[in-house]
Amino acid sequence: DEVVVFGGLVTMNGKARGAFKAFGGQIVLGGSVDGPVEINAETATVNGTVGSDATIAANSLTIGSNAAFLKNIRYWTGSGQADFGSALKAGKESAIFDATLKRTAESKAYDTAKWTSTGIVMLFSVYSLLSSAFLLILFLLLGRMAFKHAGDELQQAPWRSLLIGFLYFAVTPVLVLL
C-alpha cells in the first residue's frame, strides 16, 4: 500500500504499512511508516518512526524528540546540515545531505501546482461541454413547437422580431448592472 498526499498542511499521525509520499507547504509526520518515505515541503517536522529509507527535501526541517529513522535518510534543508540527535538508529553516517534534492523540492511543487490547475481546468471544461449538450438536447426535445412558432413569427413580422431581439440584448445588460 502507498499513501500519496498533496496539500497545504499535511499531518500524518497514524500508521502507514507501505510507502508514504507527501508534497505540500507544511508536513508533519507524527506516526509511523513501515515503507520508504518521500517528503517535499516548505517546512517538514518528523516526530515519528520511519522504518525504511527516507528522502526529505524541505526549506526547514525539524526533528522531534520521538523521531526514529531505522534506515538511511537523504535530505536537503535550506539551512544546510540538520541535527538528527538520537533519531538515527542506523548510525550517524546513515543521514546524507544531498544538495541535488533542492531542485527536486522546487520542481515537484511546481509540477504539482501545474498539474492540479490543469486538472481543474479540464474538469471544468468537460463539465461545461456536457452541461451545454444536455441543455441543447433538452431545449430541442421540449421546445419543438416553440422553435417552429418562433420561425413562423419571424417570417410574418421580421422588423418586430429584430426590434424585440435588439431590445433584449441592449436592455438586459443595463438591468443587470442596476
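Miscellaneous remarks
- 5 angstrom amide H check on Val10, placed H, neighbours 5+ away: Gln26, Ile27, Val28
- Å² per residue, accessible surface of the range 1-141 at 1.4 Å: 58
- Tilt relative to the chain, helix 158-177 - C-alpha long axis, 0 to 90 degrees, to 10: 40
- Three-way shape call for the range 1-106 based on the alpha-carbon gyration tensor, with the a/c threshold at 1.5: rounded
- Looking at the chain, the pairs of alpha carbons with a distance over 21 Å make up 63% of the total.
- Residue ranking by accessible heavy-atom surface, 1.4 Å probe, largest first, among Ser79, Ser128 comes out as Ser79, Ser128.
- Computed with every protein chain present, the accessible area of Leu163 is close to 100 Å² [probe 1.4 Å].
- Computed 3J(HN,Hα) for the range 133-141, one whole-Hz value per residue from the Karplus formula 6.51 cos²θ - 1.76 cosθ + 1.60 where θ = phi - 60°, is 4, 4, 5, 4, 5, 4, 5, 5, 6, glycine and proline marked x.
- The chain: most fluctuating residue of Leu29, Leu167, Leu140 per GNM, C-alpha cutoff 10 Å: Leu167
- The angle between the Cα long axis of helix 144-156 and the longest principal axis of the Cα atoms of the chain comes to about 50 degrees, rounded to the nearest 10.
- Gaussian network model of the chain, Cα within-10 Å springs - most flexible of Gly143, Gly25, Gly64: Gly143
- Apolar share of the accessible surface for the chain: 65 percent from carbon plus sulfur atoms, 1.4 Å probe.
- Pairwise Cα distances in the range 55-97 exceed 14 Å in 41 percent of cases.
The values are calculated or read from the model by the stated rules, or taken from the named source; none is laboratory data. A quick note: this is a predicted structure, and the numbers were derived from the prediction, not measured. These accessible areas exclude ligands, DNA and RNA; they are computed on the full protein's heavy atoms, side chains included. Shrake-Rupley method; radii C 1.70, N 1.55, O 1.52, S 1.80 Å.
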